[in-house]
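Enquirer: Please see the structure below; I have some questions.
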Amino acid sequence: MEMFNIPNWYIAYTRPQQEKKVIARFSQRKIEHYCPMKKVKTQYNGREKTMSVPLFTSCVFVHVAPVEHHRIKKIWEVINLVHWLDKPVAIENAEIEMLRNFLNLHTDVTLEKIPVSNTRVLRGKHGSFRSEEPV
């Protein structure tokens, strides 16, 4: 039972464009969270305005123990935690820190979708990809 009390980072999947409301709700409930933001320029009433928008749409990272998952799911704007193989995806503290550090150093960041081929296998050694082999 002790392992269920150890907090970890998870991804709260939110309703569309509700990330800022989720952040406010987490703050009200004193739930540790992180939502990486990027700055975008928009035109509004003929004027250029800079806004902060989430880097990952519909995603807010949350730091809770597994026994607290129900608290996250009770928030209306949260659809669920992101799952993989029927379990919530746990993210290492080091990965969140790397993301924070990267975004502190680089302010102009965008995400791109790239096609993934299922005909190639990438094999690595100690986390970095060293070779690529066809299947």
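The values are calculated or read from the model by the stated rules, or taken from the named source; none is laboratory data. Values in this document were obtained by computation on a predicted structure and should not be read as measured data. As a convention, Cβ positions derive from the backbone with ideal geometry for all residues, glycine included, and neighbour counts pool all protein chains shown. Protein only, heavy atoms only, side chains kept; ligands, DNA and RNA dropped before computing areas. Shrake-Rupley method; radii C 1.70, N 1.55, O 1.52, S 1.80 Å.
Enquirer: Within region 40-68, track down each residue that is among the aliphatic types (A, V, I, L, M), outside any strand (DSSP E or B) and in contact with a strand residue (DSSP E or B) (Cβ under 7 Å, 6 or more places away or on another chain).
Expert: The one that is among the aliphatic types (A, V, I, L, M), outside any strand (DSSP E or B) and in contact with a strand residue (DSSP E or B) (Cβ under 7 Å, 6 or more places away or on another chain): Leu55.
Enquirer: Look at region 19-38 and say how many of its residues are assigned to a helix (DSSP H, G or I) and within 12 Å of the chain's Cα centre (by Cα).
Expert: 1
Enquirer: Kindly provide the set of residues from region 1-41 that are surrounded by 11 or more Cβ atoms within 10 Å (Cβ to Cβ), hydrophobic (A, V, I, L, M, F, W, C) and closer than 21 Å to Pro88 by Cα, ordered by number.
Expert: Trp9, Ile11, Ala12, Val22, Ile23, Phe26, Ile31, Cys35
Enquirer: Quick check on my filter: what residues within region 81-103 are loosely packed, with under 10 Cβ neighbours inside 10 Å and either modelled with pLDDT under 65 or over 24 Å from Thr14 (Cβ atoms) (or both)?
Expert: Across region 81-103, the qualifying residue is only Ala94.
Enquirer: In this structure, is Trp76 open to solvent by 50 Å² or more (accessible area, probe 1.4 Å), under 17 Å from Phe26 (Cβ atoms) and among the hydrophobic types (A, V, I, L, M, F, W, C)?
Expert: The answer is yes for Trp76.
Enquirer: For region 69-95, give me each residue that is touching a residue at least 24 places away in the same chain (Cβ under 8 Å) and part of a helix (DSSP H, G or I).
Expert: His69, Arg71, Ile72, Asn93, Glu95
Enquirer: Filter region 42-68 down to residues that are open to solvent by 80 Å² or more (accessible area, probe 1.4 Å) and touching a residue at least 40 places away in the same chain (Cβ under 8 Å), then give me how many there are.
Expert: Of the residues in region 42-68, 1 are open to solvent by 80 Å² or more (accessible area, probe 1.4 Å) and touching a residue at least 40 places away in the same chain (Cβ under 8 Å).
Enquirer: Then there's this: Considering only residues that are farther than 14 Å from Lys20 by Cα and among the hydroxyl-bearing types (Ser, Thr, Tyr), look in region 37-70 and name the one that is modelled with the lowest pLDDT.
Expert: Residue satisfying both the conditions and the ranking: Tyr44.
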